[in-house]
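Inspection log for the structure reproduced underneath, given as structure tokens.
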Amino acid sequence: MICRRTLILSASAGLAASGAWAQPASGLRERLRQGGFNIYFRHSLTIRAGQPDDDLTSCERQRNLTEAGRQVSRDIGAAIRAHGIPVGRVLSSPWCRCVDTARLAFGSATVVDWLQTNGDASTADEQRRLRALAAALAARPARGVNDVFVAHGYNLIGLARLLGWPSLPIAEAEAVVFEPDDGPTPRVAARQKSSDWIQRTENSGQRAE
């Protein structure tokens with residue numbers, strides 16, 4: 001007899017391979033209210049041209065958020081609060097676009113080195129960072145809260161390569177929700193576009209302050 005856990009893992013693998021898992025999961029909001037998930041955001045919308053991105057020590061020498069990106073960050077945070085989704089730790093890449101996204105959405109963030117990326121999963125430094133990310137996403141948050149990670153698209157592309165998953169590209173301001181299940185690697189529970197958080201707040205009749 002196939003156990004429920006095996007069915008869940010098999011279904012997740014099939015959805016990942018087909019791309020159907022990109023849709024928001026049914027009942028996700030209610031589950032997030034109970035805590036126990038790790039929510040990985042790619043930074044919000046950025047200026048895509050005419051801006052240098054070559055100096056980690058200077059925001060002026062980086063690709064930064066647009067005004068629309070700053071507002072989307074605020075809207076996501078307001079929607080999560082309106083949904084009653086509890087947030088524990090908020091960890092951010094040191095790049096300014098990530099720190100700004102995290103702070104605008106959640107009020108504060110702890111910057112960690114292993115959430116930065118060089119976009120090359122073949123290098124030793126990047127593999128070290130990806131292993132740290134995999135371990136963090138597989139770890140259970142404190143009881144009753146969800147932990148948040150704000151970083152880059154390349155982190156998840158590299159993580160998928162490290163773990164042998166199908167490619168996992170995400171758009172700016174998109175989130176992947178991971179569910180720790182006591183195994184060495186996290187399980188993807190859902191993907192959420194920025195509009196998924198915000199529209200669900202509007203549809204529920206709640207006001208996001």
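A short reminder: the numbers here are calculations on the coordinates, not readings from a lab. Because the structure is predicted, anything quoted here is derived from the model rather than measured. Reconstructed Cβ throughout: ideal geometry from the backbone, glycine too, with neighbour counts over all protein chains shown.
Counting only Cα atoms, I'd like the Rg/Rh figure for segment 35-194, Kirkwood definition for Rh. Could the numbers behind the result be given before it?
Numbers: Rg = 14.8 Å, Rh = 15.7 Å.
The Rg/Rh ratio comes out at 0.94.
Taking K and R as +1 and D and E as -1, what net charge do the other residues with C-beta under 10 Å from the C-beta of R63 add up to?
Net charge in that neighbourhood comes out at +1.
Which FRET efficiency value, to the nearest 0.05, is calculated for L163 and D113 with the Förster distance at 25 angstrom and r the Cβ-Cβ distance? Working shown, then result.
Working: r = 21 Å, r/R0 = 0.84.
For L163 and D113, the calculated efficiency is 0.75.
Report the full-extension gain for the segment Q127 to C59: residue separation times 0.36 nm, less the Cα-Cα distance, to one decimal in nm.
21.9 nm
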